[in-house]
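The block underneath contains the structure these notes are about, expressed in structure tokens.
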Amino acid sequence: MSRTAALGLLCLSSLLFSNQSLSIAANEQLGDNTFYGEWQWSDTQGQYQQLKLQFSEDLIHQSEVETFRLSYSLTYPSQAISAYLSPRLEHAVAMINQYVDDPETRLDDILQALRSDSDSPSSKMLWDAYEQYTHDAFRHLGLLPCLHPQGAQYPCVRPNYSQLFYQNRDRVNPIIEHFTQQGDLNRSLAEAQAWLLTIPSKQENNYSFTSPVDVLKDNRADSDERALLLALVLSELAPNYPLYMVYPADSVGSASPAWLTIDASSGIEGPTIIIGDSAHTLVSGSSELIKEMLLAEVQLISDALY
């Protein structure tokens, strides 16, 4: 993130059911401690399938905190980043001033000191602290910085899908285990996709993202939430091939629409699309829509999950 864009963020913050399968979803709370969910559907072979999940109270709380923090940060990026940065920068300024002998180089106003960008040791130390804390803030909030389509003066953030992928891999192990028992890669993927169709779609929006456990608890998902959930399964089915979250480059917030793709050399069956110089096999989302975007020369971002 450039110093200009980073400083801009701080300044702003200072101002401021499927037709293909039968699906029955039953969710309930067992006491106060455990969530239980059950899905029933017909697989691609017409066989009855059932998936049962159980999540502890601690895991549900952890997921709800992640969902709230990320959704708040996507809606109010300047405020969220400022809330993380401000107390840390104030502490950094206090520590720096303890070691400044020249009164003229003391740091009395953080924004003024950052705008001045002088060559004094105190200014350099403040910038080092600012850049480190900004990096930490994005990591803490689960965000990636981006360039707003209306100009750099507007704050622009997106979910860090790779970070979310790794944070959630161990939380949904029962789902992964259910779909890795088929023995055939394409059959397992098809069954996982059939199960995902039993989760109703919700309206797309750019200012919220629901963590996978919350998606299962609420039993509804939009395109990027659905894609991340499928990625958690597919990463175990084809661990040697890169997975990508693909979305329009001018997206702000939680990218909608979004697609999940895998390296075309994986042998996964599906439509092949070329993004940049790389061939991707589409495994989630509308193939018609992404082809329309490619024909219209809409720039697409291809974020590697791992």
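Leaving out ligands and nucleic acids, and using a 1.4 Å probe, what accessible area per residue does the chain come to in Å²?
On the way: 15170 Å² over 306 residues.
The answer is 50 Å² per residue.
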Quiz item: Could you name the aspartates and glutamates in cross-link range of K124, using Cα to Cα under 18 Å and dropping any fewer than eight places away on the same chain?
Solution: E90, D101, D102, E104, D108, D109
Quiz item: How large, in percent, is the carbon and sulfur part of the accessible surface of region 85-135 at a probe radius of 1.4 Å?
Solution: 48 percent
Quiz item: What dipole magnitude, in Debye to the nearest 20, does region 104-171 give about its Cα centre under +1 on Lys/Arg Cβ and -1 on Asp/Glu Cβ?
Solution: 500 debye
Self-check item: Rg in Å to one decimal, and Dmax rounded to a whole Å, for the chain via C-alpha atoms
Solution: 22.6, 79
Practice problem: Take D128, D43, D277, D218 and sort them by solvent-accessible surface of the protein heavy atoms, 1.4 Å probe, largest at the top. | Solution: D277, D128, D218, D43
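Pop the C-beta distance of E297 and S265 into the FRET formula with R0 = 30 Å and round what comes out to the nearest 0.05. Kindly include the intermediate steps, with their values, before the conclusion.
Working: r = 26 Å, r/R0 = 0.85.
Result of the calculation: an efficiency of 0.70.
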Exercise. List the residues of region 155-184 whose backbone N lies under 20 Å from a point placed 7 Å from the Cα of E236 along the Cα-to-Cβ direction.
Key: 162-184
Self-check item: Simple label model, 7 Å out from Cα along Cβ direction - K124 to L111, nm
Solution: 2.7 nm
Quiz prompt | For region 76-141, diffusion coefficient by Stokes-Einstein and Kirkwood Rh (Cα), 10 °C, 1.306 mPa s, µm²/s | solution = 130 µm²/s
Quiz item: Magnitude of the Cβ-charge dipole of the chain, K/R +1 and D/E -1, about the Cα centre, nearest 20 debye?
Solution: 260 debye
Quiz item: What part of the accessible area of region 137-291, given as a whole %, is carbon or sulfur when the probe is 1.4 angstrom?
Solution: 45 percent
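The values are calculated or read from the model by the stated rules, or taken from the named source; none is laboratory data. All figures in this text were calculated on a predicted structure; none of them were measured in a lab. Using ideal geometry, Cβ is built from the backbone for each residue, glycine included, and neighbour counts are taken over all protein chains shown. Side chains included, ligands, DNA and RNA excluded: accessible areas come from the protein's heavy atoms. Shrake-Rupley method; radii C 1.70, N 1.55, O 1.52, S 1.80 Å.
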